[in-house]
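What follows is a short report on a single structure.
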Amino acid sequence: MKIFDLITPQEIVELAKQKGEEFKKIKTNQLRNFFNEVVSIKNTMLSINGFNFSLIEPKLVLLKPKLAYAAGRQNIVKPFKTFMDEVIDAVLNANDKKKAVENFIILNESIIAYHKFYGGD
């Protein structure tokens with residue numbers, strides 16, 4: 001996975017298209033449950049003056065066990081979990097954490113949009 005502060009908007013869109021179609025059999029509410037956590041991260045970013053990764057990092061890292069729980073309940077979520085684990089790691093390893101988190105949020109918003117576009121359940 002490319003380091004997430006270096007990914008271009010075009011790459012985000014292409015990745016979102018691919019994953020939105022790939023994950024179309026996952027129920028929308030399962031993706032929305034995860035996305036609600038992403039929105040929480042976005043709201044944290046918007047509520048603080050300046051960027052403070054130490055407030056966002058725990059929320060980001062704790063997405064992994066939430067995904068593991070969802071994947072443990074339904075096998076269809078496992079590829080999504082694997083993908084998101086890689087993306088989270090790419091964000092954590094980025095040099096420009098703010099840009100990486102912004103790209104992470106945009107990617108998730110885009111995946112939800114393409115999931116719906118491709119007829120996600």
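Bear in mind these aren't lab numbers, they're just calculated from the coordinates by the rules spelled out. Computed from a prediction, not measured in an experiment: that's the story for all the values here. Here the Cβ is made from the backbone with ideal geometry for all residues, glycine too, and neighbour counts use every protein chain on show.
Going from the fewest other Cβ atoms within 10 Å to the most, the residues MET84, MET45 appear in the order MET45, MET84. With a sphere of radius 15 Å drawn around the Cβ of ASN36, what net charge do the other residues whose Cβ falls strictly inside it have (Lys, Arg +1; Asp, Glu -1)? Residues close to ASN36 contribute a combined charge of +3. Counting neighbouring Cβ atoms within 10 Å and putting the fewest first, the residues VAL13, VAL77 line up as VAL13, VAL77. The mean sequence distance of close C-alpha pairs (under 8 Å, at least 6 residues apart), as a share of the length of the stretch 9-117, puts its relative contact order at 50 percent. If one computes P(r) from the Cα atoms of the stretch 9-117, what percent of pairs lie at distances over 23 Å? Result for the distance tail: 23 percent.
Which residues among the stretch 5-47 fall inside the zone where the amide N is under 19 Å from a point 7 Å beyond the Cα of THR82, along Cα→Cβ? Under 19 Å, as judged by backbone N against the label point of THR82, lie 15-27, 31 of the stretch 5-47. About the centre of its Cα atoms, the stretch 9-117 shows a dipole size close to 500 debye [charges on the beta carbon of Lys, Arg (+1) and Asp, Glu (-1) only; nearest 20 debye].
Legend: ranking of residues SER47, SER110 from fewest to most surrounding C-beta atoms inside 10 Å; resulting order SER47, SER110.
Taking 1.567 mPa s as the viscosity and 4 °C as the temperature, the Stokes-Einstein diffusion coefficient of the stretch 42-83 based on its alpha-carbon Kirkwood radius rounds to 111 µm²/s. Each of LEU67, THR44, ASN95 was scored by the projection of its Cα onto the charge dipole of the chain, and the greatest displacement toward the positive side belongs to LEU67; charges sit on the C-beta of Lys, Arg, Asp and Glu.
Distance between the modelled labels on ALA113 and LEU62, one decimal in nanometres: 2.9 nm (7 Å Cα→Cβ projection). Under 5 Å between amide hydrogens, built in the peptide plane, is the criterion, and for ALA94 it picks out PHE4 among residues at least 5 positions away or on other chains.
Here the Karplus curve 6.51 cos²θ - 1.76 cosθ + 1.60, taken at θ = phi - 60°, turns the phi angles of the stretch 33-38 into couplings of 4, 5, 4, 4, 5, 5 Hz, with x standing for Gly and Pro.
With θ taken as phi - 60° and the Karplus curve 6.51 cos²θ - 1.76 cosθ + 1.60 applied, the whole-hertz 3J(HN,Hα) list for the stretch 105-115 is 5, 4, 4, 5, 4, 5, 4, 4, 5, 6, 4 Hz, x standing for glycine and proline.
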